[in-house]
1. Given the conditions (1) among the hydroxyl-bearing types (Ser, Thr, Tyr); (2) in contact with a strand residue (DSSP E or B) (Cβ under 9 Å, 6 or more places away or on another chain); (3) surrounded by fewer than 15 Cβ atoms within 10 Å (Cβ to Cβ); (4) not assigned by TED's automatic domain parsing to the domain that holds GLN42, report the number of the one that THR247 does not fulfil.
2. For residues that are in contact with a Ser or Thr (Cβ under 9 Å, 6 or more places away or on another chain) and closer than 23 Å to ILE52 by Cα, scanning just segment 195-210, find the one that is surrounded by the fewest Cβ atoms within 10 Å (Cβ to Cβ).
3. Considering only residues that are under 25 Å from VAL128 (Cβ atoms), among the hydroxyl-bearing types (Ser, Thr, Tyr) and at pLDDT 95 or above, which ones fall in segment 175-212?
4. Taking into account only those residues within segment 211-241 that are under 28 Å from the mean Cα position of the chain (by Cα), in a loop (DSSP other than H, G, I, E, B) and not β-branched (Val, Ile, Thr), which is surrounded by the most Cβ atoms within 10 Å (Cβ to Cβ)?
5. Please specify each residue of segment 96-117 satisfying the condition of being surrounded by 20 or more Cβ atoms within 10 Å (Cβ to Cβ) and within 20 Å of ALA38 (Cα to Cα).
6. Answer with yes or no whether THR215 is out of contact with any Pro (no Cβ under 9 Å at 6 or more places or on another chain) and either among the small types (Gly, Ala, Ser) or at pLDDT below 95 (or both).
Amino acid sequence: MYEKYWGLDTLPFENVPDPRFLYRSSQHEEALMRLIYATKSQKGAAMLTGEIGCGKTTLSRVFIQELSSDEYEIGLIANPCLSPIDLLKEILYQLGVEKSVEDKTEMLHMLNEKMLDNLNKGKKTIVVIDEAQAIESETTLEELRLLLNFQLNEKFLVTLILIGQPELRERVTSIKQLNSRISIRYHLKHLDLNDTIKYIIFRLKVAGLKKNIITKEAIEKIHSYTKGVPREINNICDLALLDGFSTEAELINTKIIQKLIDDTGK
């Protein structure tokens, strides 16, 4: 709606996991490096946690994009709030095994065969569980741990990547056998002011912007209001561009940002 007015090719602040818009702060780079290291080294299990809206899902999509389809078979589970049996079914399906069975033992045999088949083809098997904090059942988490029993000559046949909100750490810690299997961990924090400035400018440039349209003071106010949470930054920046368009503003300034803050009533 406002793209043409501001000289943009696309909307810059959509809250969708588009890898193009991942701002690679030092902590996002570190998290990505650890996930890739865990997969390449077949470490068994890794865990990425972070506050709501910190970019975990977008980072996971970039992580998957970085892995060659010739070297990796990746199963992405985006909605893991399932029973142990249904989670096994979903993992099999996401790994390309479409044969439907109900017996758990047979499912595990099929999964083992798939992993061995990948190994014979020179592929590593990766299972990514996004929003893993939604798994409330300890039985389901235990089922995931049992996947790490698939080994060959002391080498894991699968790398399990758990991604979720901070409470995931508490749940994993409460299951000692699962906790001990996770060798790589990282926790994403909110952006500081410097990264917030770079984040906003980065997303505008990716969207096609060729000039500056927002003042530093406006970004400082945005950071103070959002506490550096990317999802919240996106929300207020999107509204600021819309408001600026409707009032035919030349720049997004503190007056526009303060008006939006006042409108929220927070």
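The values are calculated or read from the model by the stated rules, or taken from the named source; none is laboratory data. Because the structure is a prediction, the values reported are computed rather than measured. Cβ sites come from the backbone with ideal geometry, for glycine too, and all protein chains shown count toward neighbours.
1. For THR247, the failing item is (2).
2. Across segment 195-210, the extreme among qualifying residues is LYS198.
3. Matches in segment 175-212: TYR186, TYR199.
4. The extreme case among them is GLY228.
5. MET115 - this is the single residue of segment 96-117 that is surrounded by 20 or more Cβ atoms within 10 Å (Cβ to Cβ) and within 20 Å of ALA38 (Cα to Cα).
6. no
Conditions (1) aliphatic (A, V, I, L, M); (2) closer than 22 Å to ARG34 by Cα, marked per residue:
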position	(1), (2)
ILE161	yes, yes
ARG169	no, yes
THR173	no, yes
ILE184	yes, yes
ASP195	no, yes
LYS211	no, no
LYS221	no, no
LYS227	no, no
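So that you can scan it fast, the table gives a plain yes or no per residue for (1) in contact with a strand residue (DSSP E or B) (Cβ under 7 Å, 6 or more places away or on another chain); (2) farther than 15 Å from ILE201 by Cα; (3) not assigned by TED's automatic domain parsing to the domain that holds ARG61:
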position: THR10; (1), (2), (3): no, no, yes
position: ASN15; (1), (2), (3): no, yes, yes
position: ARG34; (1), (2), (3): yes, yes, no
position: THR39; (1), (2), (3): yes, yes, no
position: GLY44; (1), (2), (3): yes, yes, no
